[in-house]
1. Take every DSSP beta bridge whose two residues both sit in the chain, then give the antiparallel share in percent to the nearest 5.
2. Taking all protein chains as present, what is the carbon and sulfur share of the accessible area of region 216-257, in % to the nearest whole number, probe 1.4 Å?
3. For T249, what charge total do you get from the other residues with a beta carbon under 11 Å from its beta carbon, if Lys and Arg give +1 and Asp and Glu give -1?
4. Hey, which aspartates and glutamates would be in cross-link range of K308, C-alpha to C-alpha under 19 Å, not counting anything within fewer than 8 residues on its own chain?
5. Taking amide H positions as placed 1.01 Å from N in the peptide plane, with prolines and chain starts having none, which residues 5 or more places from S362, or on another chain, fall under 5 Å of its amide H?
6. What percentage of the solvent-accessible surface of region 514-558, computed with a 1.4 Å probe over protein heavy atoms, is contributed by carbon and sulfur atoms?
7. Can you tell me how much longer the chain between F33 and S326 gets when fully stretched, taken as 0.36 nm per residue apart minus their C-alpha distance, in nm with one decimal?
8. Amide H of G481: which non-local residues (sequence gap of 5 or more, or other chain) have their own amide H closer than 5 Å, using H built in the peptide plane?
Amino acid sequence: MYRSHSCGELRASHMNTEVTLAGWVQKTRDKGFIIWVDLRDRYGITQLIFDAERTPAQVVEKAKTLGREFVIQVKGHVIERESKNTNIPTGDIEILVTELTILNEAIVPPFTIENETDGGEDLRMKYRYLDIRRNPVKNNLIFRHQVTMQVRQYLSDKNFIEVETPYLIKSTPEGARDFVVPSRMNEGQFYALPQSPQTFKQLLMVGGMDKYFQIVKCFRDEDLRADRQPEFTQIDCEMAFVTQEDVLTVFEGLTRHLLKEIKNVDCDEFPRITYAEAMQTYGNDKPDIRFGMKFGELNKVTQHKDFKVFNDAELVVGIAVPGGASYTRKEIDKLIEWVKRPQVGALGMVYVKCNDDGSYKSSVDKFYNQEDLAQWAKVTKAQTGDLICILSGQKNKVRAQLSALRMELADRLGLRNPEEFAPLWVVDFPLLEWDDETERYHAMHHPFTSPKPEDITLLNSKPGEVRANAYDLVLNGNEIGGGSIRIHDTATQALMFDYLGFTPDEAKAQFGFLMDAFQYGAPPHGGIAFGLDRLVAILGGQETIRDFIAFPKNNNGRDVMIDAPAAIDNDQLKELHIQLDL
Ligand code: ASP
């Protein structure tokens, strides 16, 4: 038996018992006649004491050789600690050691294994196994486990079955590039790693599985943005014989369950807004509704004067910043610079201070009088003391810019409290999205999403206006889940592929299996997938997903610990029938 107890377990009630502990040396304090060692394992820290008067001399000698992160085993008695440590649960006791075994020595770690470490991100990633010994990372992994256990419990109680789907498949179109895997046995042919199990979960519905879920890795070869991982985990779900309402009810239930069990937060029914409303009110399809600053569209009350910038704009839109009237000229100039950064891309910003005496002071006083400005305050719901920030230009661009400003200001004003949770559904997404680059429509969600039946007639005349039976679950400004009701008949699916520019032959070659399956009695079905990494990070009150993943990739998609991706040797290439032309 390596250990009788863990390092987080012993209390005053264990006094005088003989115990065996094993773990890592966190730190040693050698006072000559007494040596203290903090012994650490996953469960906590227990203080060991080697006392020249009570511990055998050779054991004390051995204790003097211990270095940080040595792996040791000790036998001893639980005794009362003279100076108690109220910061840790084991702080009332210590172990008077009688036997010490060094199980393994350790070289000096490249950073301190403490809650606050001196190791930078790169070093921590290279030695991730040491990083995992630190409480913040370890606790995040345990937290993730708790979330996934709750997910499995909840869905299983609701009769969902977890089914594994294959990783070596053919392309699934979720809008990114595939990672491909060459086949040794099929010369010149490749598998693709799934961007999601989309087609398989639909086939499970045709197979009668009815309620499916899977906590599953997905792979997308995208240009990496900060805090994106090329492999990530989804809670992937599908149900048969359901309408959109049924899907929303079940997964609102799951989310509410997680918030309750994990955070002890009770939520009212989740608000629902349409995609169109979200874009109009927040400039964003994943709005953070923990705070106001809703958009006020100002075209009507700004385009009647000689101010050309506004008159030429497709959209003039503003937000009221609480307390912003007190910003100095310099602070406002900085804000204007901020919106002009290339990442945001606004050409400028008009502002109005709503002074305490009820008057207004704007950057466009030359063109507008007090009555005009009072109208703007009304539309943006600005109060005295607020600052109205106004952007103008092409609708979609301006919305994105003002949304970025809204989020930035909320961050600065401390309005994004990570311990507050504001979930909502965004529904009625457009079915199709115009892509300037390829000059054609793409499926906004994916090609299996069903159009709203009442909008199908618009497909020919106004394809951009066709709404889909698609929905996103948004939490604190993040899309944490998205899904749709699917097409379940061959004719509509063929029509959809046609719109997306597939010839019938191409559609057959890529998705013939699905269209065939639909001919054998496919039930109406729909589902959703949650991004588990992000969900866990938000529930954990953090914005970055990396520390909730045991072995994440860096921003260049590299695993710096194992040094992947890497070249493979020529024999392996040959076997795979691959010739590199470098
Ligand atoms: N497969 C979709 C995705 O990965 C989710 C869904 O439609 O269920 O986003």
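The values are calculated or read from the model by the stated rules, or taken from the named source; none is laboratory data. Computed from a prediction, not measured in an experiment: that's the story for all the values here. Using ideal geometry, Cβ is built from the backbone for each residue, glycine included, and neighbour counts are taken over all protein chains shown. Ligands, DNA and RNA are stripped out before the accessible areas are found, and what is left, the full protein with its side chains, is counted by its heavy atoms. Shrake-Rupley method; radii C 1.70, N 1.55, O 1.52, S 1.80 Å.
1. Around 95 percent antiparallel, to the nearest 5.
2. 50 percent
3. -2
4. E297, D365, D372
5. K353
6. Numbers: 780 of 1660 Å².
Carbon and sulfur: 47 percent of the exposed surface of region 514-558.
7. Stretched out fully, the F33 to S326 stretch lengthens by 99.1 nm.
8. Amide H neighbours of G481: L473, G531.
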